[in-house]
Amino acid sequence: MRSTQPLTITLPLEMAQMVKNKVASGEYATESEVIRDGLRTLAARDAAVDRWLREEVAPTMDALQKDPSLVSPLEEVRKRLHNRIDALAGKRSRQDDAF
């Protein structure tokens, strides 16, 4: 039984050229290898997003629904972010001054 299936695809010119460049550089032996690697990368990214949603987002949402006091008001979050950015910018400018 065959473990591959021929498939004809149409790509924008820029993507087609990228595939050809990957083969021409020797990074891949065939155009099919480039596409297979891209699909494996896409599958890994999708799995990572699913895992993040399941392991981090869903439990956080459950915790917030159980205890709404864990939620910070938007203005408080903005203030903390601005303070953090200002602190980082200050560090950066002090580091720049050292050079």
Practice item. For region 45-64, name all the residues that are more than 16 Å from the chain's Cα centre (by Cα) and of a type in the set (A, V, I, L, M). Key: A58, M61, A63, L64
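Taking the stated definitions as given, is Q65 more than 23 Å from T4 (Cα to Cα), free of Cβ contacts under 8 Å to residues at least 40 places away in the same chain and surrounded by 11 or more Cβ atoms within 10 Å (Cβ to Cβ)?
Answer is no for this residue.
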Practice item. Could you please let me know if E56 is exposed (fewer than 10 other Cβ atoms within 10 Å of the Cβ) and more than 22 Å from T4 (Cβ to Cβ)? Key: no
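Every number here is computed from the coordinates shown, using simple stated rules; none is lab data. Not measured: the values here are computed from a predicted model. As a convention, Cβ positions derive from the backbone with ideal geometry for all residues, glycine included, and neighbour counts pool all protein chains shown.
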